[in-house]
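First comes the structure, then the notes that go with it.
The numbers here are math on the coordinates, done by the rules we state, and not lab data. These numbers come from a predicted model, not from an experiment. Positions of Cβ are backbone-derived with ideal geometry, glycine not excepted, and every protein chain shown enters the neighbour counts.
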Amino acid sequence: MSEAVRIAMWSGPRNISTAMMRAFENRPDAVVVDEPFYAAYLNATGLDHPMREDVLASQPTDWRAVVADLTGAVPQGRRVFYQKHMTHHMLPAIGRDWTARMRNAFLIRAPEDVLLSYTEVRGEATLDDIGVPQQAELFEREADRLGHAPPVVDSHDVLRDPRGVLGALCAAVGIAFSDRMLSWPAGKRASDGVWAPAWYASVERSTGFSPPRAQARFDDLPDALKRVAEAARPAYERLSAYRLKP
């Protein structure tokens, strides 16, 4: 068997990142990992997130140990190792050199949609909370390394045309598309993070990608979130200019 393809998918919160993980996990050649830096992030920041103690107990809190797992033997000997990453987990102290061993891709969503969804759960949001500066930094780093833009997919595009956009993504990271990525059995997964009860109710009911909802408008936001959306907009548009299309 040739060397495994390690896909690091970099997303902010309140995107379709877990549904994307479901799509890849439903491939017979793939294994997935769910937000492996979450415990390291909570340990370093001291933030009070839902199920904090469970998260801390479930993963290494030293980022170096996480990197060793991500770059070591692929679980179950699978050909594709899909890694669901949250960009806001990548604190400045966490090294980045290991990302050169990954096929890095970026999942984006319009800031207005992210903010409205995030604040429904957390009440308020900052630019760092939704991972925009970190995603922009990781994108620029990878673009510099490659000499061209890495793959970018917009969640709205995925929901509108799952087959077309996932097919383009698979081609961009060097694997064959599989129809099994388009649907999956409902229910929980052993691969889901221990925080799933606090966050994954909707995706646990899902059996595929739902049609996209109408996108939020800037004017739908309260003034405090408008300032965050305005700050996030340049990075979103920078990445969006390179998003994959069927």
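For the reader, a short list of remarks on this structure follows.
- Ranking of Ser58, Ser155, Ser206 by count of other Cβ atoms within 10 Å, fewest first: Ser58, Ser206, Ser155
- The ranking of Ser17, Ser11 by Cβ neighbour count inside 10 Å, starting from the fewest, reads Ser17, Ser11.
- Shape of the chain, Cα gyration tensor, a/c cut at 1.5: rounded
- For the range 41-158: rounded, prolate or oblate by the Cα gyration tensor [a/c cutoff 1.5]: oblate
- Loop sites here are GluC sites (Glu not before Pro) outside DSSP states H, G, I, E and B with no more than 16 other Cβ atoms within 10 Å. The longest part of the chain free of them is 125-246.
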